[in-house]
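Here the structure comes first, spelled out in C-alpha cells, and everything after it is commentary.
Nothing in this text is a laboratory measurement; each read-out follows from the coordinates by a stated rule. What you see is a predicted model, and the numbers here were worked out from it, not measured in a lab. Cβ coordinates were reconstructed from backbone atoms using ideal geometry, including for glycine residues, and neighbour counts include every protein chain displayed.
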Amino acid sequence: MDSTSDGEGGTRGQKAQSRRVELIGRIADVLLADGVGQVPLRDLAARLGTSDRMLLYYFADKADLVEASIEEVSSRLGVILAASFSEERRPAAEVLEVSARLLSSPAVAPFMNVWADVSARGGRGEEPFQAIAKLTVKRSLAWLDVQLAIADSGERRAAASAILAVVEGVRMIEAAAPGSTSGVTAFLSGSFAGQSEDS
C-alpha cells in the first residue's frame, strides 16, 4: 500500500513538473511576443487559459515564475547564438561585427525587447529583475570571453566588456532613433583589429 501511494505521489509530481515546464514555455512565448512590461498576473493567466491562483500553484511565487520564464527565453537565445558562432575563437573585430549584426536582426529582436524590459526594471532596483539583469551580464561576458581569440585573459575580458558595451549601447540608441547608429560597429571594429591570439 505504501509503495502504491509513493507511486501515485511520484506520478502526480511528474505531472506537476510536466505542467510547469509547459507553462514556462507558454509564458516565454508571451514574453517574446509582448515583452515583460507590466503584465498583470491575472491577465497572463487568462491568456494561458487558467486562473492566477492555478498558475502560481506550479511556482513558488511570482518571482519564481518570472525567473523560470526568462531563463527559458535565455535558453532559446542561446540556441540561436550557438548556431551562429563556430566553436573556434575569432578576432575581436569579427566577434563585434557578428554579434552586432545578429543581435540587431529581426529574428533576435523579440529577445532584445525582453532584455530591454528586464534591464530597465533591474536598473530601477526591481526584483527579481535586478538579479536577472546582473546574471545576464555575467553570462554574456563569459560567453564573449570564449569567443575571443585573445591570449591574455585580462585583455580578453576587457575586450568582452567593450563589445558588450558597444552592442548594448547601439541597441538602446537604435530603439530610440532607428538608423542613427549606422556604421558604428564597422567604425569601432578597427579599434579591435590589432587584438589577436598573439596579444
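For trypsin sites (Lys or Arg not before Pro), the sites in region 117-181 that DSSP calls loop and that have at most 10 other Cβ atoms within 10 Å are Arg124. Using Cβ point charges alone (K and R +1, D and E -1), the dipole size of region 54-199 about the Cα centre works out to roughly 240 debye.
About its Cα centre, region 47-95 has a charge dipole of approximately 160 debye under the convention of +1 per Lys or Arg Cβ and -1 per Asp or Glu Cβ, with nothing else charged.
Summing Cβ point charges (Lys, Arg +1; Asp, Glu -1) relative to the Cα centre of region 1-84 gives a dipole of roughly 220 debye.
When the square roots of the Cα gyration tensor eigenvalues are ordered a ≥ b ≥ c, the ratio a/c for region 45-138 is 1.5 or more and a/b exceeds b/c, which makes its shape prolate. Within the straight-line cut-off of under 16 Å between alpha carbons, the aspartates and glutamates reachable from Lys15 are Asp6, sequence neighbours fewer than 8 places apart in one chain being disregarded.
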